[in-house]
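Step one of this worksheet: look at the structure below.
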Amino acid sequence: MLVLSWTVLVWTLTVLCALCVALLLATVAVRVGRGVLARRREALVAQVRPLVLEVLTAEDDEVAPACEKVAAVPEPLWPTAERYVLAAFDSVRGEVRDALVQVLLDRGTLARAVAATTARSAVRRARAAEVVGLVGHVDGRRSIVRLLSDPSVEVRTVAARALGQLGDPHVAALLLGALRPGSDVPASIVGTALIGIGEADTTALEPALEGALADRDEIVRLTAVAVAAELLVLPTARYVGERVLHDPSPAVRVQAARALARLGGAWAVPTLASATAPTEDPGVRLAAARTLLDMGTPTALDHLAPLRDDLDPDLRRLALEAGPTLTTEGAGP
Amino acid sequence: MTQGKVLVVDDNQDICDLVALKLSNAGFEVTQANDGLSGLELGLSGDFDLVVLDVMMPGMSGIDVLRRLRDAEQTATTPVLLLTAKTQERDVETGFAAGAGEYMTKPFSPRELLVRVKAMLARRQP
């Protein structure tokens with residue numbers, strides 16, 4: 001029995017030692033393999049980098065010949081070149097970027113990405129959406145719009161971002177629709193995409209924003225208010241003003257009150273003054289008071305005077321910051 | 001003959017190289033730094049006619065570097081062009097308030113950057 005126990009122990013220890021050695025060898029092999037791959041990638045990038053940099057720094061008549069060199073990159077090296085060019089699009093715009101976009105189009109980058117938007121793998125679909133967005137060509141729009149309904153939230157998120165990069169204002173309503181309950185696409189992604197679109201053409205966004213300001217979903221209204229304020233979409237200002245007093249959500253009323261600091265004018269003062277009423281949500285009252293203070297006109301500041309005796313210390317502080325008003329009774333020579 | 005000496009500070013090596021190549025092709029003598037601290041050390045030497053400075057860098061940000069350059073007598077008036085992904089109005093205000101002469105957002109046009117650098121240096125000349 002003792003001999004058997006010793007045998008079992010020895011065999012067990014031997015097997016464990018062998019497993020440890022195998023694990024160690026596997027770890028070393030993986031690290032060495034990664035190192036080899038990284039060095040190989042670096043070597044490939046080193047071949048394409050100077051060609052891409054030459055395009056990005058080219059002047060006028062230097063652009064076309066520099067692009068030809070990139071376009072002539074042999075097939076084994078092309079995936080590296082394509083990745084490097086796409087990465088550069090995050091940082092660079094202008095004629096040189098447009099020239100490289102044409103090189104990518106000629107080499108089939110967009111066509112391959114559009115095809116990959118129907119891949120079985122969500123990772124491949126997301127990457128495809130990212131590429132379509134980076135290339136920024138309108139031909140990719142339809143495939144990306146379809147991805148707003150993708151089963152994967154990561155794909156939907158990348159698709160929303162890509163639509164912002166495509167810059168087509170006609171998809172604004174679809175983007176806002178991506179904020180529906182259960183979608184889980186971050187509002188910040190949709191907001192940023194809309195701002196990107198609107199920076200090129202604010203007027204084209206107006207209908208979508210006006211519709212969104214009346215949407216039944218709170219997140220959609222919040223996003224619309226934020227975008228309208230950021231882009232200074234003045235035609236939506238009165239709709240935003242309506243949200244201050246009439247929106248069922250305190251969060252939207254707060255956001256709208258703050259938005260009027262950029263969108264509002266003299267017409268907004270009565271609305272903001274009403275929003276400081278004691279029956280209103282404390283956050284809304286504070287936002288409205290802050291906006292009146294930011295406006296700084298005598299009429300706006302006058303409406304802060306009654307808040308000097310308010311129960312809310314933050315409101316009292318804002319009212320005191322407003323200082324003496326020009327139209328206070330008894331003021332004058 | 002060099003058009004001037006420019007310091008480029010950006011933690012993204014590709015952007016650093018791109019800006020440096022664009023400027024050196026146009027005749028500038030360019031020095032690079034990849035983080036705020038080394039950028040500040042080089043910048044405080046006072047040897048540069050202009051600094052191109054990224055804002056978002058680990059450790060010391062471009063705004064902090066800019067403020068330190070402005071506090072130093074030898075670099076108080078060195079033209080600084082901020083090159084940044086931060087596009088909000090308040091970020092622009094912060095940059096100019098810290099003493100930047102120009103503010104360019106990414107993605108940027110290399111051609112436009114060169115034009116602005118030349119314009120900034122031309123404004124400096126008597």
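The values are calculated or read from the model by the stated rules, or taken from the named source; none is laboratory data. Computed from a prediction, not measured in an experiment: that's the story for all the values here. Reconstructed Cβ throughout: ideal geometry from the backbone, glycine too, with neighbour counts over all protein chains shown. Calculation scope for accessible area: heavy atoms of the full protein, side chains included, ligands and nucleic acids excluded. Shrake-Rupley method; radii C 1.70, N 1.55, O 1.52, S 1.80 Å.
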(Q) Looking only at residues that are free of Cβ contacts under 8 Å to residues at least 12 places away in the same chain and of a type in the set (S, T, N, Q) in region B:14-37, which one is farthest from the other protein chains (Cβ to nearest Cβ)? (A) B:24
Q: Looking only at region A:278-311, count how many residues are open to solvent by less than 30 Å² (accessible area, probe 1.4 Å) and assigned to a loop (DSSP other than H, G, I, E, B).
A: 2
Q: Pick out the one residue from A:228, A:187, A:224, A:159 that is open to solvent by less than 10 Å² (accessible area, probe 1.4 Å), closer than 25 Å to residue A:253 by Cα and within 15 Å of the chain's Cα centre (by Cα).
A: A:224
Q: Among what's in region A:85-135 and is within 29 Å of residue B:105 (Cβ to Cβ), open to solvent by 30 Å² or more (accessible area, probe 1.4 Å) and within 25 Å of the chain's Cα centre (by Cα), pick the residue that is nearest to the other protein chains (Cβ to nearest Cβ).
A: A:93
Q) Residues of region B:87-103 being hydrophobic (A, V, I, L, M, F, W, C) and either surrounded by fewer than 18 Cβ atoms within 10 Å (Cβ to Cβ) or part of a helix (DSSP H, G or I) (or both), which ones? A) B:92, B:96, B:97, B:98
Q: Quick one: which residue in B:58, B:79 is under 30 Å from residue A:46 (Cα atoms) and in contact with a helix residue (DSSP H, G or I) (Cβ under 9 Å, 6 or more places away or on another chain)?
A: B:58
**Q.** Selection within region B:63-86 - open to solvent by less than 10 Å² (accessible area, probe 1.4 Å) and within 13 Å of chain A (Cβ to nearest Cβ)
**A.** B:83, B:84
(Q) Quick check on my filter: what residues within region A:47-82 are away from chain B (no Cβ under 14 Å) and open to solvent by 70 Å² or more (accessible area, probe 1.4 Å)? (A) A:47, A:68, A:69, A:72, A:74, A:75, A:76
Q: Confirm whether residue B:87 is among the hydroxyl-bearing types (Ser, Thr, Tyr) and either closer than 18 Å to residue B:120 by Cα or touching a residue at least 24 places away in the same chain (Cβ under 8 Å) (or both).
A: no
**Q.** Number of positions in region B:38-62 that are within 14 Å of chain A (Cβ to nearest Cβ) and assigned to a strand (DSSP E or B)
**A.** 2
